[in-house]
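J.: Before I ask anything, here is the structure I am working with.
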Amino acid sequence: METPASKTTVSPPPQQEPDLKKPKMSTTTSDDEDAATMTPGGDTTTKKQRYKRRKIAIFFAYCGVGYQGMQKNPGAKTIEGDLEEALFHAGAVPEQDRGIPKRYDWARSARTDKGVSAVGQVVSGRFYIDPPGLVERLHSNLSPQFRIFGYKRVTGSFNAKKFCDRRRYVYLIPVFALDPCSHRDRESVLASLGSGSELMKCLECSERGRKVAGAVGKRSFELTDISSNDKDASVKSEIKEEVGVLLDNGLEDIRNSETVNETNIFQNDGSGSKSVMPESVISSNSEDASVNPESKDEIIVSVENGDDEKTKSKEEMVRRSSFCYGEKEKERFNRILGYYVGSHNFHNFTTRTKAEDPSARRYIVSFEAKTTVNVEGIEFVKCEVVGQSFMLHQIRKMIGVAVAITRNCAPESLIQAALQKDVNINVPTAPEVGLYLDECFFTSYNQKWKDSHEEISMKDYEEEAEDFKMKHIYPHIATTEHKEGSVALWLHSLNHRNYPDLRVSNIVDNNNSEDNNNGKESTGFENTAPCTSLRN
């Protein structure tokens, strides 16, 4: 029997407390937690709260001025580049994923070209949306040109590009651009000189560097109904100096052969002063001469109490054009736009895409121009086009051809020819300033996941979108036209010298049907005059 004294007691070796494992930081998802841990000294510390990444769709708008388009491009200022940086600084993207959008499943629903704006743009990805206030944090890191409307949770497989069924774009074209007599090319203006109905509307562009030879220059004017005192004589002298300002441009031979007696028009503005308006005259060096694109380019010299006044505002200095977007004009323009509807080969309406490329074939759901909007004194026609997808410059080129046809620079059959696969045509491209992305549609996705996820649409943000459109996009389009005359200047290029293919004619259904009856396929050019830039 063993006694307690006979037992050998072996004490265990002293053990050190094990080091606490450092929590692994996940770059994808981790549960929300706020756990308390014990330090070796016995103190209690709180672990930093971690959040889960969520797959979301972000709805936002932007004004494209100053940006080189939506898609990120190294060395260029882009919408995508600024938005990615804002997401990082807002805490939605971790440091290790900064500048690597593939790591957070980045996708955009639509691309926009340089200078093009958007109201209903959508991007998707996996982001940290907690703590609350992501929208406010994004706005604090973006310029006022952006407006983040909000975001919605989507399925893990959602992709803003792949799941977008249709896109709707809007192009605002000034009404005067559809007037065949407005902003004609230089040859047409010269041909009309001395006819009594001169096409002088394009002369406002002379202030912006595009001068029309012979249309502005040294001429004789019979200034009647002005008293012959010294100050009035100085007014007459100033007018002669202004209208002869282009003498130094090497155009004397054209101007000196043309002497036109102008009829003066007097108006009473209610203040007792009278203004003389020599028709078809505009000063090319006057900083105060602002001309409305819909006007007939007349300059007013005002005389009040014997003192000269500067030229008056646009509303007082010009007479409105009689052209309007009435029912007849609307019916014709919409008929022209209707040629684009359906599935066609649009290789002539983009760049760097061959006719044989399957991506050249696109489907247009609708193309209409039924409403007008007046912004800062300019009336615009609202052209809405809905399609599955669009190529680079496609919409601007479609508008360019439609405007050329409406202005009688080309026949309607030009569109039918341009949509043929075996015909190459050089078509005009309308300025980018009037184009904006209006909305992206996710019909199939919404139908499939309507019972478990929120609808991906702009319905919840309609008021905010309309407000942004009226405060930023529309004023930018109108202001650019007032200051730069982008559309007015572009209209001068719509002539056969710059675009020989606009001469294509006689492409009618009768000719096509005759050729088809003879058992051969027609390209529409068999009965037309040869054009050097057409390549079958």
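J.: How many Å² of accessible area per residue for segment 106-158, probe 1.4 Å?
T.: 36 Å²
J.: Another question, if that's okay. In whole percent, how big is the carbon plus sulfur part of the accessible area of segment 368-409, probe 1.4 Å, protein atoms only?
T.: Summing carbon and sulfur atoms, their accessible area is 40 percent of the total for segment 368-409.
J.: Mind listing the phi-derived Karplus ³J(HN,Hα) values for segment 409-423, rounded to whole Hz, using 6.51, -1.76 and 1.60 with θ = phi - 60°, and x for any glycine or proline?
T.: 8, 7, x, 5, 5, 4, 5, 4, 5, 5, 8, 7, 5, 9, 10
J.: Counting only the heavy atoms of the protein chains, how much of residue 330 is accessible to a 1.4 Å probe, in Å² to the nearest 10?
T.: 50 Å²
J.: A further question on this structure: Could you check how many percent of all C-alpha pairs in segment 123-170 are farther apart than 18 Å?
T.: 46 percent
J.: Also, I was wondering about something else. Does segment 424-468 come out rounded, prolate or oblate by the C-alpha gyration tensor, with a ≥ b ≥ c the root eigenvalues, rounded set by a/c under 1.5 and, if not, prolate when a/b is larger than b/c and oblate if not?
T.: Because a/c hits 1.5 or more and a/b fails to exceed b/c, segment 424-468 counts as oblate.
J.: Follow-up. Over the heavy atoms of residue 449, what accessible area does a 1.4 Å probe trace out, to the nearest 10 Å²?
T.: Its accessible surface works out to 80 Å², give or take rounding.
J.: Could you derive backbone 3J(HN,Hα) for segment 84-101 from the dihedral phi with the Karplus parameters 6.51, -1.76 and 1.60 (θ = phi - 60°), listing whole Hz in sequence and x where the residue is Gly or Pro?
T.: So the J values, rounded to whole Hz, are 4, 5, 5, 5, 5, 5, 7, x, 7, 10, x, 4, 5, 9, 4, x, 10, x.
J.: Among 472, 433, 449, whose Cα projects farthest towards the positive end of the dipole of segment 432-475, with charges put on the beta-carbon of Lys, Arg (+1) and Asp, Glu (-1)?
T.: Farthest along the dipole direction, towards plus: 449.
J.: Please grab the % of Cα pairs in segment 373-438 that end up more than 14 Å from each other.
T.: That fraction is 66 percent.
J.: So if I place +1 on the C-beta of Lys and Arg and -1 on the C-beta of Asp and Glu, and nothing else carries charge, what would the dipole magnitude of segment 362-514 be about its Cα centre? I want it in debye, nearest 20.
T.: Dipole of segment 362-514, to the nearest 20 debye: 700 debye.
J.: Follow-up question, since we're still on this one. Residues with amide H under 5 Å of residue 50's amide H, sequence separation 5 or more or different chain, H placed in the peptide plane at 1.01 Å from N; which?
T.: So residue 50 has HN proximity to 33.
J.: Kindly write out, for segment 447-464 in residue order, the coupling ³J(HN,Hα) from the Karplus curve 6.51 cos²θ - 1.76 cosθ + 1.60 (θ = phi - 60°), rounded to whole Hz, with x marking Gly and Pro.
T.: Per residue, the Karplus-derived 3J(HN,Hα) values read 5, 6, 10, 5, 8, 10, 9, 5, 6, 8, 7, 8, 4, 6, 10, 4, 5, 5 Hz.
J.: Over all directions, the average projected area of the alpha-carbon convex hull for segment 70-145 comes to how many nm²?
T.: Across all orientations, segment 70-145 yields a mean hull projection of 5.2 nm².
J.: Turning to a different aspect of this structure: Counting only residues 5 or more places away or on other chains, whose amide H sits under 5 Å from the amide H of residue 439 once H atoms are built in the peptide plane?
T.: Long-range HN contacts for residue 439: 120, 168.
J.: Next question. Going from most exposed to least, what order do 114, 152, 52 have by accessible area with a 1.4 Å probe?
T.: Largest accessible area first, the residues go 114, 52, 152.
The values are calculated or read from the model by the stated rules, or taken from the named source; none is laboratory data. Just so we're clear, the structure is a prediction, and the values are computed from it rather than from any experiment. Here Cβ is always computed from backbone atoms with ideal geometry, including for glycine, and neighbour counts include all displayed protein chains. The area values use the complete protein model at the heavy-atom level, side chains included, leaving out ligands, DNA and RNA. Shrake-Rupley method; radii C 1.70, N 1.55, O 1.52, S 1.80 Å.
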